[in-house]
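Trainee: I'd like to ask some things about the structure below.
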Amino acid sequence: MKIRHTLTVGLGGLISLGLLLTWLLALFPVTIRVDHDWLKPLALIIASGLYLGGIGLLFRYLHRLPKRFDWWVTGGLWVLLLLIQLWVATAWVAAPRADLYFVHQQALDLLQGSHHWAAYFYTYPNNVTFTLLLSTLMHLGTGVTLNLIQFIWLDCGLVAVWHVLRQHNPARANLFLSLVITAVPLYAYALNTYTDVYVLPLIMLAVVTFYRLQQAEAWQQIVGRSLLLSLFLVAAYLLKANLVVLLIATLLTLWLRPNQAPHQSVTRCLFTLILLATLIAGTGLTHNWQRANGYRLNPDQALPALSWVAMSWNPDYSGQYNRPDVTHIRQQPTQSAKQAWAKTTLTHRLDTLGPAGISDHLYQKARLFLANGTFDSFQVNPAFDRAPNWYRQHRATSDWFLASWCQITYLTLLLVNLGWGIQQLRRCHLTATYLLGGLAFIGLACFHIIFWEAEERYALPLLPLLLAGTAAGYRQPVNVLRYSLRSRWLPLGVGAAFTVLLGIAAWQNAGLMVHSNSEPVSVVSQNEGRYYQNHRLTVAPHHTLTQPFTASLPFDQIIINQGQRRLTGRLILRDAHGKVVWQSRGQRPRLTWNFPPQMAGHYTLSVTNRSTQPLQLVTAPATYRLLPQAIIGHANQYLQFRVQQQSVAPVLSNGKFWLLFGGMWLSGLLIVDRFYWYRRQI
């Protein structure tokens, strides 16, 4: 028992250290991906403090709410959450891109009875199980229907966590709902038809079921909850293999923390056996399901695990997935050749880096994995088949505000969970659910930072754990303003100090009004065809390829095949009436052209090959609509091109900048005033 207690406290200290280091990393979010132009650390700290103060005032209000009004507030929060989800699900439909393009196409093929699998799935077999699941769900519909299904499934996990919190303290349950309503990544990933949104509820259900298992006393409860927990854990693992860390964390926590069963060892052994049996049975059933649908794993084509480790140690990419490494691995003819290449490459990279280089690479991977509170929300959906025009036109500014909000809330969630952990360490007693969530956090971080790819989206399973931990572990901070009964100058001093610090933060971030953000407004984006397959359509000499498209916004730039070369021929843009509104000049035009602004509407883009040699253009084959219309004369073929509206403007206008910091100033003074008025803590 003493050894278990010592291990528990030691692990609690490790979890708190991990949360502290993550909080420090989050003050300097990475800019090498889609998110950039972040607020400076001082502004992030101030904004996070304001958000924490807002949580404190909200929790104080919810805590003091009379019982007769509690259910009205709860109902109002649920109605608000569901209305926002309904609006998001119907107003936005994400376009399947990159991996999702192959998954979506294969799921449709399965739905139509085909058992032929694309070569992509023999290289990346990890997506086969989810593709089978998606093909089953597509019987109900696609687009908005899939969005609604994903939101409903997400809500199943949220309801489970909310219910447990409500049984202990209704104020904490309502605080949890308030945090969920403002959690932007949950909405972004619910629009993304991929494994992430399907495993998030499984994680929440697993944590809740584990909590119930710890309370179980009768053998019927122990067996039933052990089986249910095993099903959740194994399902999450089969959909997303990195969640093996959650299985390990669950077993460690179960064996370290006491439970309420008369014979605690019986519960531990029984659950371990049931989990092992469920894992074996689930793996076998999944393989049978795959074989029944025509899929057979080919080891000579699949990327071995060691190749992912070698790729993650490429110092040029900070641990990200990179195409050059994958191309080299795919060129190896056999499984043994792939493993040999991966082993040689990994050894060479570690030797080249040396101790100092290894430390720096681990730091870069840790930053990429943990520093951004967006969890890659604004890159997982690069294009939308449906979106409000105001969002398309102002996407850069909207995403900047949403990303900044994500970072502020992320810092606050980390801080509250860190405080909860330190408080438990001071009592030398860690709750089982906190230990479980903390071990999952440490395990996931170690898995990706040391061994695997390190991208922001892989840290998404931490978000529901942080939300639940904040609602369960929030403690009112010491209110120094309660001493203002003896010194009425104290709140004035706090307000003045806050004003000075905010002024310094505004001065540090003034570059947002000056720095030019040249990110174009995306009007039409069909970027498939090059990733993995490099599919091309041949245009014979003196023939023309014509791609119709619909522009929902004005535009002034077209980029074909990423604009990487010239062609001998001509590009012609025609409107809905067939009138030529623009055509390229010269005998060898570029594939990137700027022209006078064109209004929104229906257009056709024609590429004419005037050379004596065949012209190859990158296209994407698909039996679903990547665009409203396919290439004329080539059913199910879509040209790879982008239509854009060039935009060169500051990240924030002067008005928006001062509105942002003015709002922060007024909010800060209001929070100081409210804490002064209460003068006491809960």
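Residues checked against (1) of a type in the set (D, E); (2) in contact with a Phe, Trp or Tyr (Cβ under 7 Å, 6 or more places away or on another chain); (3) more than 29 Å from A396 (Cβ to Cβ):
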| site | (1), (2), (3) |
| --- | --- |
| Q587 | no, no, yes |
| W593 | no, no, no |
| P596 | no, no, no |
| L605 | no, yes, no |
| N609 | no, no, yes |
| A622 | no, yes, no |
| G633 | no, no, yes |
| R642 | no, no, no |
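Trainee: Among the numbered criteria (1) more than 18 Å from L77 (Cβ to Cβ); (2) modelled with pLDDT of 95 or more; (3) crowded, with 18+ Cβ neighbours inside 10 Å, which single criterion is violated by L148?
Mentor: Unmet for L148, out of (1) more than 18 Å from L77 (Cβ to Cβ); (2) modelled with pLDDT of 95 or more; (3) crowded, with 18+ Cβ neighbours inside 10 Å: (3).
Trainee: On to the next question. Does at least one position in the stretch 595-603 carry a residue that is assigned to a loop (DSSP other than H, G, I, E, B), under 20 Å from T550 (Cβ atoms) and touching a helix residue (DSSP H, G or I) at 6+ places or on another chain (Cβ under 8 Å)?
Mentor: no
Trainee: Pick from the stretch 75-119 the residues that are polar (S, T, N, Q) and in the same structural domain as L177 (by TED's automatic domain parsing): which of them is surrounded by the fewest Cβ atoms within 10 Å (Cβ to Cβ)?
Mentor: Out of the qualifying residues, it is T90.
Trainee: Let me ask something else about it. Could you pull out the residue among L246, L229 that is part of a helix (DSSP H, G or I) and either under 16 Å from L439 (Cα atoms) or among the small types (G, A, S) (or both)?
Mentor: Within the list L246, L229, the selection yields L246.
Trainee: Also: Condition first: in contact with a strand residue (DSSP E or B) (Cβ under 9 Å, 6 or more places away or on another chain), free of Cβ contacts under 8 Å to residues at least 40 places away in the same chain, of a type in the set (A, V, I, L, M) and surrounded by fewer than 15 Cβ atoms within 10 Å (Cβ to Cβ). Can you find one or more residues in the stretch 571-578 that meet it?
Mentor: Yes, some residue in the stretch 571-578 is in contact with a strand residue (DSSP E or B) (Cβ under 9 Å, 6 or more places away or on another chain), free of Cβ contacts under 8 Å to residues at least 40 places away in the same chain, of a type in the set (A, V, I, L, M) and surrounded by fewer than 15 Cβ atoms within 10 Å (Cβ to Cβ).
Trainee: Select, from T374, T352, the only residue that is modelled with pLDDT of 90 or more and either in contact with a Phe, Trp or Tyr (Cβ under 6 Å, 6 or more places away or on another chain) or within 19 Å of K40 (Cα to Cα) (or both).
Mentor: Criteria check complete, one pass: T374.
Trainee: Okay, next question. Pairs only if they're at least six apart or on different chains, beta carbon under 6 angstrom, first in the stretch 590-618 and free of Cβ contacts under 8 Å to residues at least 40 places away in the same chain and surrounded by 14 or more Cβ atoms within 10 Å (Cβ to Cβ), second aliphatic (A, V, I, L, M) and not in a loop (DSSP other than H, G, I, E, B); list them, first residue then second.
Mentor: Hits for this filter: L591/I560; T592/I559; W593/I558.
Trainee: Sticking with this structure for a sec: Residues to consider are T409, T433; find the one that is within 18 Å of the chain's Cα centre (by Cα), in a helix (DSSP H, G or I), of a type in the set (S, T, Y) and buried (at least 21 other Cβ atoms within 10 Å of the Cβ).
Mentor: Unique residue meeting the criteria: T409.
Trainee: Considering the stretch 381-406 alone, what residues qualify as being assigned to a helix (DSSP H, G or I), of a type in the set (A, V, I, L, M) and either closer than 15 Å to Y189 by Cα or in contact with a helix residue (DSSP H, G or I) (Cβ under 6 Å, 6 or more places away or on another chain) (or both)?
Mentor: L402, A403
Trainee: So how many residues does the stretch 302-340 have that are assigned to a loop (DSSP other than H, G, I, E, B) and surrounded by 14 or more Cβ atoms within 10 Å (Cβ to Cβ)?
Mentor: Counting residues in the stretch 302-340 that are assigned to a loop (DSSP other than H, G, I, E, B) and surrounded by 14 or more Cβ atoms within 10 Å (Cβ to Cβ) gives 13.
Trainee: Pairs needed: first member in the stretch 112-123, without any contact (Cβ under 8 Å) to a residue 40 or more places away in the chain; second member anywhere, of a type in the set (K, R); C-beta distance under 8 Å; at least 6 residues apart or different chains.
Mentor: Pairs found: none.
Trainee: To continue, here is another question. Please go through the stretch 209-224 and pick out each residue that is in a helix (DSSP H, G or I) and farther than 14 Å from T272 by Cβ.
Mentor: T209, Y211, R212, Q214, Q215, W219, Q220, Q221, G224
Trainee: Kindly evaluate T182 against the criterion of being without any contact (Cβ under 8 Å) to a residue 12 or more places away in the chain and within 30 Å of V73 (Cα to Cα).
Mentor: No; evaluated as a whole, the condition is false for this residue.
Trainee: Considering each of A173, A235 in turn, give the residue that is over 29 Å from S404 (Cα atoms) and among the small types (G, A, S).
Mentor: Sole residue among the options that is over 29 Å from S404 (Cα atoms) and among the small types (G, A, S): A235.
Trainee: With respect to L165, determine if the residue is farther than 20 Å from A89 by Cα and surrounded by 17 or more Cβ atoms within 10 Å (Cβ to Cβ).
Mentor: Answer is yes for this residue.
Trainee: Residue under question is G529, and the condition is that it be surrounded by fewer than 16 Cβ atoms within 10 Å (Cβ to Cβ) and outside the structural domain of H394 (by TED's automatic domain parsing); does it hold?
Mentor: Criteria not met by G529.
Trainee: Ok, one more. Could you please tell me which pairs satisfy a Cβ distance under 9 Å, a separation of 6+ or placement on different chains, a first residue in the stretch 149-172 that is in the same structural domain as R64 (by TED's automatic domain parsing) and more than 16 Å from Q215 (Cα to Cα), and a second residue that is β-branched (V, I, T) and outside any helix (DSSP H, G or I)?
Mentor: Q150/T193
Trainee: Look through the stretch 120-145, keep the residues that are hydrophobic (A, V, I, L, M, F, W, C) and part of a helix (DSSP H, G or I), and return whichever of them is surrounded by the most Cβ atoms within 10 Å (Cβ to Cβ).
Mentor: Applying the filter and picking the extreme gives L134.
Trainee: Looking only at the stretch 7-37, which residues are under 20 Å from A249 (Cβ atoms) and not hydrophobic (A, V, I, L, M, F, W, C)?
Mentor: Those that are under 20 Å from A249 (Cβ atoms) and not hydrophobic (A, V, I, L, M, F, W, C): T8, G10, G12, G13, S16, G18, T22.
Trainee: Let me ask something else. Filter the stretch 365-380 down to residues that are over 11 Å from the mean Cα position of the chain (by Cα) and either surrounded by fewer than 18 Cβ atoms within 10 Å (Cβ to Cβ) or assigned to a loop (DSSP other than H, G, I, E, B) (or both), then give me how many there are.
Mentor: Total satisfying the criteria: 1.
Trainee: Could you check how many residues of the stretch 34-92 are within 25 Å of A371 (Cα to Cα), of a type outside the set (G, A, S) and touching a residue at least 60 places away in the same chain (Cβ under 8 Å)?
Mentor: Total satisfying the criteria: 14.
Trainee: May I pose another question? When you scan the stretch 1-41, how many residues do you find that are in a helix (DSSP H, G or I), touching a Leu at 6+ places or on another chain (Cβ under 7 Å), buried (at least 17 other Cβ atoms within 10 Å of the Cβ) and not β-branched (V, I, T)?
Mentor: 7
Trainee: Select from the stretch 156-208 the residues that are assigned to a loop (DSSP other than H, G, I, E, B) and aromatic (F, W, Y) and list them in ascending order.
Mentor: Y194
Trainee: Do we have V223 as among the hydrophobic types (A, V, I, L, M, F, W, C), in contact (Cβ under 8 Å) with a residue 40 or more places away in the chain, surrounded by 13 or more Cβ atoms within 10 Å (Cβ to Cβ) and in contact with a Gly (Cβ under 7 Å, 6 or more places away or on another chain) here?
Mentor: Criteria not met by V223.
Trainee: Return yes when D70 is among the charged types (D, E, K, R) and outside any helix (DSSP H, G or I) and no when it is not.
Mentor: No, not satisfied.
Trainee: Which members of the stretch 569-587 meet the condition of being assigned to a loop (DSSP other than H, G, I, E, B) and modelled with pLDDT of 80 or more?
Mentor: A576, H577, G578, K579, S584, R585
Trainee: Something else: When you scan the stretch 292-299, do you find a residue that is part of a helix (DSSP H, G or I) and surrounded by fewer than 17 Cβ atoms within 10 Å (Cβ to Cβ), even just one?
Mentor: yes
The values are calculated or read from the model by the stated rules, or taken from the named source; none is laboratory data. As the structure is a prediction and not an experimental result, all values here were calculated from the model. Here the Cβ is made from the backbone with ideal geometry for all residues, glycine too, and neighbour counts use every protein chain on show.
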